[in-house]
1. Restricting to region 85-100, name every residue that is in contact with a helix residue (DSSP H, G or I) (Cβ under 8 Å, 6 or more places away or on another chain) and either modelled with pLDDT of 85 or more or not in a loop (DSSP other than H, G, I, E, B) (or both).
2. Could you list, in sequence order, all residues of region 74-84 that are in a loop (DSSP other than H, G, I, E, B) and within 15 Å of residue 135 (Cα to Cα)?
3. Can you tell me how many residues in region 142-169 are within 17 Å of residue 91 (Cα to Cα) and either surrounded by fewer than 13 Cβ atoms within 10 Å (Cβ to Cβ) or at pLDDT 90 or above (or both)?
4. Identify, from the list 237, 254, 250, 191, the residue that is at pLDDT 75 or above and surrounded by 14 or more Cβ atoms within 10 Å (Cβ to Cβ).
5. Out of the residues in region 194-223 that are within 22 Å of residue 160 (Cβ to Cβ) and not in a helix (DSSP H, G or I), state the one that is modelled with the lowest pLDDT.
6. Going through region 87-132 one residue at a time, which ones are under 16 Å from residue 61 (Cα atoms) and surrounded by 10 or more Cβ atoms within 10 Å (Cβ to Cβ)?
7. Would you say residue 75 is modelled with pLDDT of 80 or more and under 21 Å from the mean Cα position of the chain (by Cα)?
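The values are calculated or read from the model by the stated rules, or taken from the named source; none is laboratory data. Small disclaimer: the values here were computed from a predicted structure and weren't measured. All Cβ positions, glycine included, derive from the backbone under ideal geometry; neighbour counts span all protein chains shown.
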């Protein structure tokens, strides 16, 4: 066989099309990458594709078997698994879906494991020559998405670092101004302990805030404030009387404990 013949009648040439051919004993063979098992009577049984095996978590996973498992779900019409840095499942659901999409996604995740990323599609791309699912195009989509995510993460990290440097420029003077009056009234050692107590209270306040904003209503209220919410936590830690720091820390710890016990995510 000269290779795949495209819709225009041209025979596939080039490394991507000829690499699967080899010559042995004067004859030309094509590596189809089908896996066969030899029977005791010298018969052969088809057991899957060689390129459908991938290693996830130290164990080999048969993508064909996983796809068959997903296709057995009543709400799944078509599926294609792509393995790379992560395992991505491209799923086309039945047009007459009778159960919530969230329930179907839960079934898919339980079948493949929590590390799999599920992408819902109305159609899966087909290869023009073979009419099979074009996995290279799906892999390209995954690679493009990962590149965008990496670029966004880099941009976010850069902006956060700039914000941190701008905050430091006035956070330090703020604490110095708080420490100076305390040093004038109290001894230096006591004033230093008060500043340290405020610094120790601050992480608990931020933790309590992060658990509180999981409520959409509170989140909208916080972001409508003219001052950034985390800055408000800083001002609370800086301005609350020193005698109330213990009680404030206890309340923040209680909120964090409650949030961890009720965390459903």
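1. 87, 88, 89, 90, 91, 93
2. Filtering region 74-84 for residues in a loop (DSSP other than H, G, I, E, B) gives 74-75, 84.
Within region 74-84, just 84 meets the criteria.
3. Final tally of qualifying residues: 0.
4. Numbers: 254 fails: surrounded by 14 or more Cβ atoms within 10 Å (Cβ to Cβ); 250 fails: surrounded by 14 or more Cβ atoms within 10 Å (Cβ to Cβ); 191 fails: at pLDDT 75 or above.
Criteria check complete, one pass: 237.
5. At the first step, the residues of region 194-223 found to be within 22 Å of residue 160 (Cβ to Cβ) are 199, 202-214, 219, 222-223.
Within this subset, residues satisfying the condition of being not in a helix (DSSP H, G or I) are 213-214.
Values: 213: 62, 214: 56.
In this case the residue turns out to be 214.
6. Taking region 87-132 and keeping what is under 16 Å from residue 61 (Cα atoms), we get 87-89, 108-117.
Within region 87-132, 87, 88, 89, 108, 109, 111, 112, 113, 115, 116, 117 qualify.
7. On the way: modelled with pLDDT of 80 or more: yes; under 21 Å from the mean Cα position of the chain (by Cα): no.
Spelling it out, it is not the case that residue 75 is modelled with pLDDT of 80 or more and under 21 Å from the mean Cα position of the chain (by Cα).
Residues checked against (1) in the same structural domain as residue 65 (by TED's automatic domain parsing); (2) farther than 14 Å from residue 138 by Cβ; (3) under 16 Å from the mean Cα position of the chain (by Cα):
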residue	(1), (2), (3)
81	yes, no, no
86	yes, no, yes
93	yes, yes, no
99	yes, yes, no
109	yes, yes, yes
113	yes, yes, yes
121	yes, no, no
125	yes, no, no
